[in-house]
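Here the structure comes first, spelled out in structure tokens, and everything after it is commentary.
The values are calculated or read from the model by the stated rules, or taken from the named source; none is laboratory data. Nothing here was measured: the structure is a model prediction, and the numbers come from that model. Methodologically, a virtual Cβ is constructed for each residue, glycine included, from the backbone with ideal geometry; neighbour enumeration extends over all protein chains shown. Heads up: the accessible areas ignore ligands, DNA and RNA and are worked out on the full protein's heavy atoms, side chains in. Shrake-Rupley method; radii C 1.70, N 1.55, O 1.52, S 1.80 Å.
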Amino acid sequence: YREAGEGLDVVAGAMRERADLLAAARERFGEELKASVLAQKLLASEAQEDRELIDKLLAHRKARYAAWRETLSGDRQLRNLGDGPRTAASAGPQVIRAAPVNWSDAAGDKGTKALEEALDPLDETPPLSDTATWDAIAKTVSAAAGRDYTGKQCYCRASGEGYLHAKLPDAHIYDPSMKNWRPRAMEHLLRAAGLDESIPCGKAALEADAFKEVSTKKLYERLGDAYNLGAHAIRGDRDKLIDALVEADMCALDPCENGATSFKRASSVWFQRALNSEMLPRRKVLASLEASEARLESPSDGDDLVRTDAAVYGRLSQKNLMCLCFREFALEPHE
């Protein structure tokens, strides 16, 4: 990001480098928002605490560029010394650079193994903003590797190796064709979260024509308040969306903007991210297995197959192995 100005790229860039300030911004505007969106909201806000947060980000930018210029100045001084002997009087301040993070050697392998062992028992990986936990993990990893690692370095390594565990929120499925499926009862949840008593829900909202002035897109968003799977099938059907909202006792307006400040939507970026982290590895394995199965032919089919006992046995063994893999990675009926 730029050295001068208070643009969107500056605020967002500095926020990505300061996990504590990023966490503070998310507490203000939402845990699921990216740094670029948070930067837009900060710059548009006139609140004093938001202005103070921007000042902290700009101060970080100033310190970062000052350190960068000092590093460049030190490099030039070292180059100007040439190959001659350095003396205490003539040599400028020596610039000490931190060694690059290395996970590829023997010590790095030990650190990676210790990192995996530290994260494996956890049902949910702590966020990067939880510096105390990551510093404790880094201390364990550093002791095992015999090399110092920071909490942020361990988090990045865990992310790259797939060691981060996201706790999957509850799934709320919209599928009336499912056996024993029932619509959610949302009104009591919304009222408990603080929804204004004047906002009608369910049949009362239908009788009051509350859905009439709401766009189809907004109706789909309201259905996302109640369900996080299956609602996409009726996304463009306005009548079905209204019927589904009435069955779920939902209101026509955004509950978070009408008093229900503590209400959490069922469908969120966080849920989709957690769902993808669970499902994508399964899908990749299944796709690989299906491709392998398509390449296999029956020993009795085809003219180009090798007919030796070893070749036939090998093909049958591979098919048996694939059957076991399908059983391992396929979803259970209740899932």
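Is at least one residue of region 101-114 at pLDDT below 75 and open to solvent by less than 90 Å² (accessible area, probe 1.4 Å)? Yes, region 101-114 has at least one match.
When we screen Asp225, Asp254, Asp243 for residues that are more than 21 Å from Phe271 (Cα to Cα) and modelled with pLDDT of 90 or more, the only hit is Asp243. Report yes if some residue within region 155-169 is among the charged types (D, E, K, R), touching a Leu at 6+ places or on another chain (Cβ under 7 Å) and under 24 Å from Asn276 (Cβ atoms); otherwise report no. Looking for residues that are among the charged types (D, E, K, R), touching a Leu at 6+ places or on another chain (Cβ under 7 Å) and under 24 Å from Asn276 (Cβ atoms), one finds at least one in region 155-169, hence yes. Residues in region 192-205 that are buried (at least 18 other Cβ atoms within 10 Å of the Cβ) and in contact (Cβ under 8 Å) with a residue 60 or more places away in the chain were compared, and the one that is farthest from Asp243 (Cα to Cα) is Leu195. Restricted to region 216-237, and to residues there that are among the hydrophobic types (A, V, I, L, M, F, W, C) and out of contact with any helix residue (DSSP H, G or I) (no Cβ under 6 Å at 6 or more places or on another chain), the residue that is nearest to Ala260 (Cα to Cα) is Ala226.
Taking into account only those residues within region 235-265 that are assigned to a helix (DSSP H, G or I) and touching a residue at least 40 places away in the same chain (Cβ under 8 Å), which is farthest from Glu187 (Cα to Cα)? Once the filter is applied, the top-ranked residue is Ala244.
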